[in-house]
Amino acid sequence: MIERNPRCNLCRLSQYTDTVCEVGFGRKNADIMVISRMPNSSTYQDMIEAELSQAGIDLTRCYFTSVVKCRSFEKDPGKKDIKTCTENYLDLEIERMKPKFILGFGNEALAAITKNSGIMKYRGRVSEARGATVLCTVSPASVVRNPGQKGAWQADLQLFASTVSGHAGGLEIPKMAIIDDKVKLAKLRTLMAKATLLSYDIETAGQDEWDPTAGIVSLAGTMIYPDADGNDKLIVWVIPLDHPQSPFRKVWRDVLRYIAKAFEGIKVQIAHNGKYDAKWLRVSKVQARVTFDTMLAAHLLDENRLKGLKPLGRMLLGVAPWGIDTKDLRSQPLRPILKYNCLDPYYTYHIYLKLRQDLIDQPRLMRVFKLMVIPANEKLIEIEQRGAWIDPEKLASAINVSFQMRDELDRELMTYVPDPDDPTQDVKVLTWPTQGKKAKWAEVNFNASNWMRWWMFEWLEFPIIERGKVKDDDSPGDPSLAEATMVELQTRFPDHPVLKLLVERSKWQKYCSTYVTRYQEVADDQNRIHTVFKLAGTVTGRLSSGKEDEEKISATRDRGRGVNLQQVPRDPFIRGLFGAPPGWSFIEADFGQIEFRLAVFISRDKNGLRLIREGVDVHLEMAAKMTGKPISLVTKDERKAAKPVNFGYLYGMWWKKFIETAKMKYGVLFTDEQAKASRVAFFDMYPGFVHWHNRQRRIVHEYGRVQSPLGRIRHLPDIFSADKMVVQEAERQAINSPVQSMASDMNLLGMILLDDEFKRLGLRAHTLGLVHDAINFECHNDDLVQVLPLIKSTMEHLPLKKKFGCEIDIPIAADIKVGSHWGYAKELTDEQVFNFQHYYHEFVDESRVS
DNA sequence: AGTCAGCGCGCG
DNA sequence: AAAGCGCGCGCTGACT
């Protein structure tokens, strides 16, 4: 094959290895090439060989080689090393051997073979490159470090084996019925009316369902219906809709309306990420529902697994990835679109059969699925479609103010910037950095740019306090320009005006870029802002908020409409933009100190139970304990400083981090001794937490997973890692997860029940969104008197015992705020909530009429 | 022009 | 020896 060169010194790695330049080994005319990132240790080589044989690969057909040829434990290969080494060795090996199949391990192998980067994205995909069929997956080192990856890793290798053997897929693909004329459509509708189950999927074109140029390209289903003898029959069908080659291209909306009623009548409606499909279909007047979502079920059963339809198809059904490039479907030929559109719901149906059985085998999870996940999904469809109202006048003025503030700060800062064309004033100006290949002067840029680093640390000569990650080539990381650095510099140079200006500027810059302008870009013609809430976006069961994955792809332009409504700055300048339209009020209902309460509930700490039952402010209590003062003398700042103590130490924070948090978030300084003492004080106050932490550690070490009191499971396979740091991380997650999980499930359940009640009682109130432990509503002013007490009592008395067999023996508090706008909503006392008619005028601005 | 990692910061 | 947890996303700069 190729010669090794023991004197090779083309890259740095040769200096860090015992054996310079180990080339590949194995069969010389092999048709399978296995490429690792560097020459494998015998452990990893054994691991790979064992798995490959297990998957059915004949090892004598293989040639094993690597991207870089020097193995080093001290030094990770950098980009340059990889490039140099590949060009000189691996490229030759591939060229000479001409393998039919290539298996790559790790991101380095992926990059060397396919020029792509991002192994977590590209893993497990079969593609063509270098004249071979290629599959890449994570490296064995990564699997050992994070044992949670093992299952998916084995599935990748099995897929590779089945690709090699040519026996792809365990499912027979049935004939598809293409519904392309009126007669077939009428027949389909008749079958639909009888059907008991439908798995459906749509292909779409256009930015989102409200885009005037948007359309549903095709609708496909896999359907179960009884035949004349009452036996279940399966049919796979697809209707071409808004596509140039479709017979229905001009009447596709009518076609959907024609089948709507039959569709809506089907009892079991299955989809993968069905919220997306349902939203599109509802815009076209088909009230599609999701009674079983395979993505949500897969995620609930194992939150760590890949939950896309294709990976699930590969892992659960053993089918090879299918599909087409979904960009601009209307410019592609129709036929393959229909074919692939059919496969999605067909495979979804088979995944459904498996996952449903898995849930039946785990009744507690099934309960969470049926009582929490599926109803929440239904509510979220409506919440996302309704959107949150933003005040158009306030928004317009906020945009003006934000830009004015930022530009004014820029102008002030510019007085400290030298003129680059006037080197006479100071020779240092000659070091003004360049940018780009043509040695162009860098523009002034007060964001975290290279120019900014020069200006701060060379021109203004501030000391470098903190640096970022060390680079690949061992050069030191970039000097930090984070706010924490600025604050630290401020303590050293309190009189320097630049620091204050910069901290202020970064706030306004963020408002301009991330908030106000974005809000205006995405607001619809009713001044509503829409988000996408994901029920499978977090490992704990919390929702995440933002946009569809597809919308994230284009980086700058066409950024998609989805906005994260869980990170709206608390500053009333921003939060005050959101509200309720005239005639309506905005309500925020949040669970007070919920995570702390639940930690006490779960740990059974006696003192914690007592404090909570007595309604004591735990932060105030901690402040008193830390300062040694009686509660009445504790200042506001001291109480503020106690907050990070409670929340940090609760989840395993160490005192060093406490000092940082206290300084950064609350501007309170602590010495090492005070910090250590605060940690002691915390566990002294809540001794039960120590035992609870230990119990969680014991459970996770034994079972590799923990469960929340409502039944949600967090799998923590990393607990079996050989890396101590990884293990400890998993231990802290085992402590945090059940608490965070239960809190967010309570919030979710509260939302579901309230939304049901509003509908049942005909109250004009809607959920606008969820923020982890809070629910935001809008409510017609005339219905506030009924709605406010309903919200409070529902949230404080959730039927957890009835629904999840979990009896809570501590008080739960829902704090209610009302106002015309979120940022200005005022908190109500219990008396005000339950007798709102007497306080109406205090909280409702009647000059705002609809 | 698009992609990606790293940083930094918004929220609970 | 070293240690909160959970998210999304805009910007920069390097690269293709």
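Listing for the model above:
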item	result
Members of segment A:659-688 that are within 14 Å of DNA strand B (Cβ to nearest atom) and outside any helix (DSSP H, G or I)	A:G667
Selection status of A:K428, free of Cβ contacts under 8 Å to residues at least 40 places away in the same chain and under 33 Å from the mean Cα position of the chain (by Cα)	no
Residue ID - farthest from A:Q593 (Cα to Cα), chosen from residues in segment A:647-658 that are within 13 Å of DNA strand B (Cβ to nearest atom) and in a helix (DSSP H, G or I)	A:K657
Residues of segment A:591-610 satisfying the condition of being surrounded by fewer than 20 Cβ atoms within 10 Å (Cβ to Cβ) and not small (G, A, S)	A:I602, A:R604, A:K606, A:N607, A:L609, A:R610
Residue match in segment A:452-466 (condition: over 30 Å from A:K279 (Cβ atoms), at pLDDT below 90 and of a type in the set (K, R))	no
Given (1) more than 10 Å from DNA strand B (Cβ to nearest atom); (2) farther than 29 Å from A:D773 by Cβ; (3) of a type in the set (S, T, Y), index of the condition A:T485 fails	(1)
Considering residues of segment A:520-546 that are of a type outside the set (V, I, T) and in a helix (DSSP H, G or I) only, the residue surrounded by the fewest Cβ atoms within 10 Å (Cβ to Cβ)	A:E521
Verdict on A:R125 being touching a Pro at 6+ places or on another chain (Cβ under 7 Å) and closer than 20 Å to A:R7 by Cα	no
Candidate set: segment A:62-96, residues that are in contact with a strand residue (DSSP E or B) (Cβ under 6 Å, 6 or more places away or on another chain) and touching a residue at least 60 places away in the same chain (Cβ under 8 Å); chosen: the one surrounded by the most Cβ atoms within 10 Å (Cβ to Cβ)	A:Y63
Among residues of segment A:116-130, those that are in a strand (DSSP E or B) and within 13 Å of DNA strand B (Cβ to nearest atom), counted	0
First in segment A:721-746 and under 16 Å from A:Y703 (Cα atoms) and within 12 Å of DNA strand B (Cβ to nearest atom), second anywhere and of a type in the set (S, T, Y) and assigned to a loop (DSSP other than H, G, I, E, B), Cβ under 8 Å, 6 or more apart	A:S737/A:T540; A:S737/A:S708
The listed residue being within 16 Å of DNA strand C (Cβ to nearest atom) and acidic (D, E), out of A:E95, A:E108	A:E108
Single residue of segment A:474-501 satisfying the filter (of a type outside the set (V, I, T) and in contact with a Phe, Trp or Tyr (Cβ under 7 Å, 6 or more places away or on another chain)) that is farthest from A:E74 (Cα to Cα)	A:L499
Sole residue being of a type in the set (A, V, I, L, M, F, W, C) and touching a residue at least 60 places away in the same chain (Cβ under 8 Å), chosen from A:M405, A:M456	A:M405
Condition check for A:A186: more than 16 Å from DNA strand C (Cβ to nearest atom) and surrounded by fewer than 18 Cβ atoms within 10 Å (Cβ to Cβ)	yes
Residue that is surrounded by the most Cβ atoms within 10 Å (Cβ to Cβ), among those in segment A:464-519 that are more than 12 Å from DNA strand C (Cβ to nearest atom), of a type in the set (A, V, I, L, M) and outside any helix (DSSP H, G or I)	A:I465
Which numbered condition A:A288 misses (of (1) surrounded by 20 or more Cβ atoms within 10 Å (Cβ to Cβ); (2) over 24 Å from A:V373 (Cβ atoms))	(2)
Test: residue in segment A:273-283 that is at pLDDT 95 or above and more than 22 Å from A:T531 (Cβ to Cβ)	no
Wholly within segment A:186-275, strands (runs of 3 or more DSSP E) carrying at least 2 residues that are charged (D, E, K, R)	A:197-205, A:232-240
Filter result for A:L611 (within 27 Å of A:A743 (Cα to Cα), more than 34 Å from the chain's Cα centre (by Cα) and free of Cβ contacts under 8 Å to residues at least 40 places away in the same chain)	yes
Exclusive hit being out of contact with any strand residue (DSSP E or B) (no Cβ under 8 Å at 6 or more places or on another chain), closer than 26 Å to A:G387 by Cα and of a type in the set (K, R), set A:R257, A:R314	A:R257
Single residue of segment A:641-663 satisfying the filter (at pLDDT below 80 and touching a Pro at 6+ places or on another chain (Cβ under 9 Å)) that is farthest from DNA strand C (Cβ to nearest atom)	A:A662
Residue within segment A:733-741 that is crowded, with 22+ Cβ neighbours inside 10 Å, in contact with a His (Cβ under 9 Å, 6 or more places away or on another chain), in a helix (DSSP H, G or I) and at pLDDT below 95 present	no
Qualifying residue in segment A:500-521 (condition: in contact with a Pro (Cβ under 8 Å, 6 or more places away or on another chain), within 12 Å of DNA strand B (Cβ to nearest atom), farther than 30 Å from A:I659 by Cβ and without any contact (Cβ under 8 Å) to a residue 40 or more places away in the chain)	no
Residue identified as closer than 30 Å to A:I587 by Cα and of a type outside the set (V, I, T) among A:L716, A:L753	A:L753
All positions within segment A:320-337 that are over 20 Å from A:W237 (Cβ atoms) and either aliphatic (A, V, I, L, M) or surrounded by fewer than 16 Cβ atoms within 10 Å (Cβ to Cβ) (or both)	A:A320, A:D325, A:T326, A:K327, A:D328, A:S331
Residue under evaluation A:F457, criteria (1) in contact with a strand residue (DSSP E or B) (Cβ under 6 Å, 6 or more places away or on another chain); (2) within 11 Å of DNA strand B (Cβ to nearest atom), criterion not met	(2)
Selection status of A:L110, in a helix (DSSP H, G or I) and under 25 Å from A:D156 (Cβ atoms)	yes
Condition met for A:A624 (more than 32 Å from the chain's Cα centre (by Cα) and surrounded by 16 or more Cβ atoms within 10 Å (Cβ to Cβ))	yes
Criterion (surrounded by fewer than 16 Cβ atoms within 10 Å (Cβ to Cβ), in contact with an Asp or Glu (Cβ under 7 Å, 6 or more places away or on another chain), among the basic types (K, R) and at pLDDT 95 or above) met by exactly one of A:K759, A:K801, A:K817	A:K801
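The values are calculated or read from the model by the stated rules, or taken from the named source; none is laboratory data. The structure presented is a predicted model; accordingly, all values stated were derived computationally and were not measured. Virtual Cβ from ideal backbone geometry, glycine too; neighbours counted across all protein chains shown.
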